[in-house]
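Heads up: the structure comes next, in structure tokens.
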Ligand code: GLU
């Protein structure tokens, strides 16, 4: 890069291999790919397979096959999150050392019962937020329950974290400057007993490690960005720009979902559609 040149644009597509890709994914991949290629930047591919209960290796193969078929080529090696668990663990330990993480022993049912008991639960952007039951446990009870091996998740104490960082902001190319409001999602889970790291932590660490400068993804993840911005500040990571694109919908205005098997890219290919035709649909045309 010559002196004074604009920094390189680096985007990524980061699917979770929980099913075959559908047209909505193709739109997201195309969107990030085009943003990078138009700026002569780099487009990266990352497989977000940290949830062993939901991810399958055959879907990883399917993702690569579908993207190659569409001609959405990526730069450099594919990053497979399940191969980097130590990196996420270190980030988690850093937050723990700062006293910003607490164990949560609640089951889903406990959380629902607590919300019902409290009457009106605080509602965040993504539904009811965690009512904070385990945040209020004393150190002795925490230690005792952990010593007995009681299953638990680890949650971020968002209020304590915000007190540490002070006000934060981020920028979305479409929606402009945003004041970070991570409390709208409540004390999010950073690790679970069956998944050593959560989406929020892994995505934040990886976007920084991979040098992503422009996070392109669907607007359904807009609210999550408030938490990611907070995690970046806590972990001292660089702050990218975001471009949350509208979700591609079918003729009836419905979002594509993994359950619509007939609409997978594989099914379209097998049904005789050309890659060019599918790419035109994915591009929203
Ligand atoms: N892995 C996430 C998903 O498949 C997307 C992550 C992201 O783009 O930030 O929904």
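Just so it is clear, none of the values below were taken in a lab; they were calculated from the coordinates. Keep in mind that what you see is a predicted model, and the values were worked out from it rather than measured. No Cβ is skipped: glycine too gets one built from the backbone with ideal geometry, and neighbour counts run over all protein chains shown.
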For region 69-210, the Cα-Cα pair-distance distribution in 5 Å bins from 0, as whole percents, is 2, 8, 14, 19, 19, 15, 11, 6, 3, 2, 1, 0
Square roots of five times the Cα gyration tensor eigenvalues for region 145-285, Å:
34, 21, 13
Most mobile of 44, 100, 209 in a GNM of the chain (Cα contacts under 10 Å):
209
Express the relative contact order of region 33-139 as a whole percentage, based on alpha carbon pairs under 8 Å and six or more residues apart in sequence.
23 percent
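Order of 213, 107 from fewest to most other C-beta atoms within 10 Å?
Result, fewest neighbours first: 107, 213.
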Kindly provide log₁₀ I(q)/I(0) values, in the same order as q = 0.12, 0.18, 0.24 Å⁻¹, from the Debye equation applied to equal alpha-carbon scatterers of region 1-107.
-0.56, -0.94, -1.23
Connecting C-alpha atoms closer than 10 Å in a GNM of the chain, tell me which of 138, 76, 19 has the biggest fluctuation.
138
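Report the Stokes-Einstein translational diffusion coefficient (µm² s⁻¹, integer) for the chain, Rh taken as the Kirkwood radius over Cα pairs, at 20 °C with viscosity 1.002 mPa s. Spell out each step's value before the answer.
On the way: Rh = 20.4 Å.
Once the numbers are plugged in, D ends up at 105 µm²/s.
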Taking 50, 9 and counting other C-beta atoms within 10 Å, the order from fewest to most
9, 50
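Ratio of region 138-203's C-alpha Rg to 2.2 N^0.38 Å, to two decimals?
Computed over Cα atoms of region 138-203, the ratio equals 1.45.
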Could you please rank 203, 215, placing first whichever residue has the fewest other Cβ atoms within 10 Å of its Cβ?
215, 203
Which whole-number percent gives the relative contact order of region 136-246, counting Cα pairs below 8 Å spaced six or more residues apart?
30 percent
Which of 169, 143, 159 ends up with the largest GNM mean-square fluctuation for the chain, with Cα atoms connected below 10 Å?
143
Helix-only [θ] at 222 nm, the chain, -39500 (n - 2.57) per DSSP H run of 4+, per residue, nearest 500, equals -11500 deg cm²/dmol
